[in-house]
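Every number in this text was worked out from the coordinates using simple rules, so none of it is lab data. Since the structure is predicted, the reported quantities are computational estimates derived from the model, not experimental observations. With ideal geometry, Cβ positions are generated from the backbone for all residues, glycine too; neighbour counts draw on all protein chains shown.
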Amino acid sequence: MQIFLDTAEISEIEARAALIDGVTTNPSLIAKSGAGVMERVKEIAKTVSGPVSAEVVATDRDGMLEEGRKLRAIGDNVVVKLPLTAAGLEACRIFHEEGIATNVTLCFSLNQALMAAKAGATFISPFIGRLDDAGGDGVKLLEDIRAVYDQYGFETSILAASLRSLKHVEDAALTGSDAATLPVKIFDQLINHPQTDLGLDAFMADWKATGREGLV
Ligand code: G3P
């Protein structure tokens, strides 16, 4: 499963660049960073070699096509992020025919995921946490999308998004999601465990007590 960082903060990306497969952004994250969209996407696309999802802000098909082409011109690793609307899916189909990678976002239902796959989306982003917040079942949605994509042989990658907990990440992996995007807070918890820290402290203390240095 690919692990992406869900942020537009360069310092957060740089500090974790060696351990991530890519980055996802959205208009809210770029707005929060205070940077301009083009400028920030350029910086991110230089910092990581994997996919960098950058979202259009137009809501009509032609506007999305224009903005998407500008974003893609930044680098071959830029993935054009499109909202799951009729206009977004029309733009997705055109980008698919042009060989431009897309991430169809704001997916909350199996039918939406089906339509995105039919439009040739490279990634579909089901919003697990927000679906749970609204009384739905985000993990069940991941399972259902996996089953339908496998049944029909759709090549669209499932990118579990809006993940709020370590359990969500494990569920994304257990349901066979192809990728998951995580805020820094969750990403850092993937690696850290208090027992690891305690165990390492004990190993180091035992080694120091020998008075030996290095691997001797
Ligand atoms: O970038 C899309 C998604 O991961 C947003 O997450 O936490 O705003 O629901 P959240």
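Enumerate the helices (runs of 4 or more DSSP H) found wholly within region 7-65, keeping only those where 3 or more residues are surrounded by fewer than 17 Cβ atoms within 10 Å (Cβ to Cβ) and within 15 Å of the ligand (Cβ to nearest atom).
Answer list for region 7-65: 27-33.
Run ALA173 past the list (1) within 16 Å of the chain's Cα centre (by Cα); (2) of a type outside the set (Lys, Arg); (3) farther than 26 Å from GLU97 by Cβ; (4) within 16 Å of the ligand (Cβ to nearest atom) and report the number of the one that doesn't hold.
(4)
So is ALA101 in contact with a strand residue (DSSP E or B) (Cβ under 6 Å, 6 or more places away or on another chain) and either hydrophobic (A, V, I, L, M, F, W, C) or within 24 Å of LEU182 (Cβ to Cβ) (or both) or not?
yes
VAL80: within 16 Å of the ligand (Cβ to nearest atom), touching a Cys at 6+ places or on another chain (Cβ under 9 Å) and more than 25 Å from ILE191 (Cα to Cα), yes or no?
Here the answer is yes, as VAL80 does meet what is asked.
Looking only at region 8-60, which residues are β-branched (Val, Ile, Thr) and farther than 22 Å from ALA121 by Cβ?
Scanning region 8-60 gives ILE10, ILE13, THR47.
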